[in-house]
Structures are given as C-alpha cells and as structure tokens.
1. Within the P(r) computed for the chain, what percentage of the Cα pairs occupies the region above 31 Å?
2. Could you state the number of Å between the C-alpha centres of the range 253-284 and the range 85-139?
3. Using the Cα atoms of the range 144-234 to build a convex hull, what is its mean projected area in square nanometres?
4. Could you list log10 I(q)/I(0) for the range 94-200 at q = 0.17, 0.21, 0.22 Å⁻¹, which the Debye formula gives when each Cα is one point scatterer?
5. Per residue, how much accessible surface does the range 4-142 expose to a 1.4 Å probe? Answer in Å², no decimals.
6. How large a share of the accessible area of the range 211-321, in percent, is made up of carbon and sulfur atoms when the probe is 1.4 Å and the other protein chains stay in place?
7. With θ set to phi - 60° and the Karplus curve 6.51 cos²θ - 1.76 cosθ + 1.60, what are the ³J(HN,Hα) couplings of the range 19-33 in order, to the nearest whole Hz, using x for Gly and Pro?
8. Using the Cα gyration tensor of the range 131-180, with a ≥ b ≥ c the square roots of its eigenvalues, what is the shape: rounded (a/c below 1.5), prolate (a/b larger than b/c) or oblate (neither)?
Amino acid sequence: MKSPLLSLPGAVPAEGVDEGVAAHYGDLFREQRALADGTGFVDLSHRGVVTVSGDDRLSWLHLLLTQHVSELPAGEATEALILSAHGHIEHALYLVDDGTTVWAHVEPGTQDALIAYLESMKFFYRVEVADRTADIAVVHLPAGSIADVPDGAVVRETAYGRDLFLPRAELEPFAASHGPAAGLLAYEALRVEQHRPRLGFETDHRTIPHELGWIGTAVHLQKGCYRGQETVARVQNLGKPPRRLVFLHLDGSEVHLPVAGTEIRIADEGPEGRKVGFVTTSVRHHELGPVALALVKRNVPADARLLAGETAAAQEVVVEP
C-alpha cells in the first residue's frame, strides 16, 4: 500500500519488498542520527497487520508459535516464529496483546499466507483472525523517544523503540506533530547495527532459528510442542546449526556496497577461493561506515578475514560457532 507520507518533502520511495514507504527524505545520515538520538519516527505502514481476538487467542497461538504466549501479559511485547515441519522459518510475527486482541505486524506481503495458515488451524477454538493492513498502519518511534502516543493507539514497546498500530487516517496528522520523518534506510542501518535479523533478508528457504540468534528472543525452549519443534530441540541439544549470522565491517574505500547475495570467501584463499557464505543486508552507518549482516558456514574461523565479493570484510561474531 502506498503511504500518504511519500508526499512529505524530500521523500524518495523505497523499492522491492519495501515499496510503498520512503527509503529516505533526502539526508540518510541525518535521519540515522535523529533515530539514534531518540527523535523522529519511521513510517512502516507497508507492513502487514494481523489481529487475533477471542477468548482462546493466547492458548491457541501458544500451540502454533515458537514463543511462550499462553500467559502473555497485556501490553508486553514479544516476537515469535512459525516454522515448517522441518523447522525452517516461514513467518516472523512481532506481537503485543492489548487485553482483548493480539496485534502483530509482519513482513510486507506475507499476511495473506499467514492468515491462510492460521485459518486452517482454528478448528473448535474461539478465535477470530483478521487482516487489518488496509485500515491500520505501523509507525516506529525510536528508543529514547519522549513523543506522545495518540489516544487509542496500540503500543508495542521494546528495547529498540515503540511500534504503534495507528489508524491509517491518522498517519498524516501524526507525521505533522511527531517529525522529523526518517526513512527505511535509516531504520535498516540501525537494525543491522543491532544485529537483528529480518525475515526474507537474513532468511532463505532452509534457515533455522539457531542460525540467526532467534533462540531466546523468538523461540522459547521450555514450551510445549509446535510444528518444527523437533528440529529446534535436536539442534539445541545434540548439534550445531550449519550456518551462523555474522556482522561485517566492510572496507570503507569501496564506492559500492556488496549487495544482498554477494558471495563471501576466505580472504587468504583469494577471490577464487571456496564460497563460505553470502551477504544478507548491507548498509552505510552514520558512525560505523559500511557494514553488513551475512550468513557464513559454522566452521568458518571467527578470526578469519573475509571477502564479500571483492570487498575486504572483518567479521564480528553474532552467533557463536
């Protein structure tokens, strides 16, 4: 859905899966610094919004999600995954319960498949699943923000800031009173700095939660059965994941960033060496310079110098080998 905030001065539309909101408003680093300082907001109104209401909503979701939500207190934010039968990540949900309804925002365009799955699992449970994307927009206030929250907005508060579920009709009035607006590129730069994975960026068709550090934050290891739980338990108790998420400091002398999918090799083996991973997200950070997240094979030494395409890269461990 195209955001009305694309009419703000300097707005440059994002592309690809993030189409519909602004990539930036003319000054990427200023926007990053504003968010880091706890000011401004980010328009995330392209994200899908799904609600689950009804008396059984928490106990029912508890059976389907990787997170322990059966006693989730009202107002407490959490995140959860839905896995395939083989333990591969299919959906990532960012949740909060307001006392009567669970609100979740999800990756753009994934809400239809998510709702189809949820509907197929309703059986006799007293729950109602709804797609609220058309009438509710997600807006992000950064950590440290002291901005007022509009009356009636549902708030999901985390260490990284507050996600607001706002009626779409209130987007423009909100922007007028809560600026300056920061684009998605600024938001993504801080996400990469914080080592936070994103579905469809750090994941592919065979990603399991252990590879991305989602154990603990989105996967609860002491809860009951859910689809894919056998894989989670087996890897946790008996082995190691085949790949691991790393944070890369990229050579700042390069003009172009290595794009997502760029192959990673061991630098000592040269540009024709064996492929050991790939870049998932690369950004220019206002303090750190060019940085990236990447997936590499678990057995890549933590101190190995890497090449992302032709760009030298030093790795920082996110998921332990």
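1. Summing the P(r) of the chain above 31 Å gives 34 percent of all pairs.
2. Spelled out, the Cα-based centre of one part sits 35 Å from the other.
3. 8.4 nm²
4. Taken in order of the listed q values, log10 I(q)/I(0) reads -0.95, -1.34, -1.42.
5. Heavy-atom accessible area per residue stands at 39 Å².
6. It is 49 percent, rounded to a whole number.
7. Using θ = phi - 60°, the values come out as 4, x, 10, 7, 6, 6, 10, x, 8, 4, 6, 4, 5, 4, 5 Hz.
8. oblate
The values are calculated or read from the model by the stated rules, or taken from the named source; none is laboratory data. What you see is a predicted model, and the numbers here were worked out from it, not measured in a lab. Ligands, DNA and RNA are stripped out before the accessible areas are found, and what is left, the full protein with its side chains, is counted by its heavy atoms. Shrake-Rupley method; radii C 1.70, N 1.55, O 1.52, S 1.80 Å.
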